[in-house]
1. Tell me which helices (runs of 4 or more DSSP H) are completely within region 11-94 and hold 1 or more residues being of a type in the set (A, V, I, L, M, F, W, C) and within 17 Å of Leu146 (Cβ to Cβ), or say none if there are none.
2. Test of understanding: among Glu162, Glu149, Glu176, Glu98, which residue is over 13 Å from the mean Cα position of the chain (by Cα), of a type in the set (Asp, Glu), crowded, with 16+ Cβ neighbours inside 10 Å and within 23 Å of Gly32 (Cβ to Cβ)?
3. Is there any pair with a first residue in region 65-79 that is in contact (Cβ under 8 Å) with a residue 24 or more places away in the chain and a second that is open to solvent by 10 Å² or more (accessible area, probe 1.4 Å) and among the aromatic types (Phe, Trp, Tyr) whose Cβ atoms are under 6 Å apart and which are 6 or more apart or on different chains, and what are they?
4. Failed condition for Val118, given (1) surrounded by fewer than 20 Cβ atoms within 10 Å (Cβ to Cβ); (2) farther than 23 Å from Ser42 by Cβ; (3) among the aliphatic types (A, V, I, L, M), with all others met?
5. Of Leu58, Leu36, Leu69, which residue is within 14 Å of Ala108 (Cβ to Cβ) and modelled with pLDDT of 85 or more?
Amino acid sequence: TAAALRAAPLEEDRVAALELLARAAVEPDLPGLDPLDAALASTWRSTLAEDRRRVLLLQARDAPPDAHLAVALAALFDGLVGELDPTWPAQALPHAVEAARAVPGSHAAHAARAWLRVRTGDAARGQRELEALCLAAPTSPLARFLLAEALAAQGQTAGAREALARCRDRLPRYDERVRASPYLR
């Protein structure tokens, strides 16, 4: 697992890095959410092309949990860099739900599922799930950032500001992610 986290940023193909990290994230010694975020944030500078999304979706049909998690993480990281295609989160949500069901200990699966709920219009449910994730991973800056988005999506600006304050200095590419968020701008 540690080797996957170290090797992922070296991958030229983001999808290959994503798949490598998704496999690592469903192993018994699950990596934390933040090492996974650090590895993907270093290479995920733009959204995936539509044809790459289709390949991920096809690979995830009747596939093991890591393929579902790869779809969910691709949508999450596309969103963190400013994905504007409204169909992508809706396509990825069932995969995030399946990944979280199949690997209940994966913070990455739970983060992606909750964030995708926010992006598909179920911000209250996403917020509850992110609050639970923040309790399970209290030092995770990514969990706090995603919670800030959920709170802001519901007009809870004070709570969103507090969550952002708790992750500002530790979240990779913080300023870019705030600018990319439709809720935090």
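1. On the way: elements: 14-25, 33-41, 50-59, 65-80.
The qualifying helices (runs of 4 or more DSSP H) are 14-25, 33-41, 65-80.
2. On the way: Glu162 fails: crowded, with 16+ Cβ neighbours inside 10 Å; Glu149 fails: over 13 Å from the mean Cα position of the chain (by Cα); Glu176 fails: crowded, with 16+ Cβ neighbours inside 10 Å.
Criteria check complete, one pass: Glu98.
3. none
4. (1)
5. Leu69 is the lone residue from the list that is within 14 Å of Ala108 (Cβ to Cβ) and modelled with pLDDT of 85 or more.
The values are calculated or read from the model by the stated rules, or taken from the named source; none is laboratory data. Here the structure is a predicted model, which means the values were calculated and not measured. Cβ coordinates were reconstructed from backbone atoms using ideal geometry, including for glycine residues, and neighbour counts include every protein chain displayed. The protein model used for the area step is the full one, side chains on, heavy atoms only, and it has no ligands, DNA or RNA in it. Shrake-Rupley method; radii C 1.70, N 1.55, O 1.52, S 1.80 Å.
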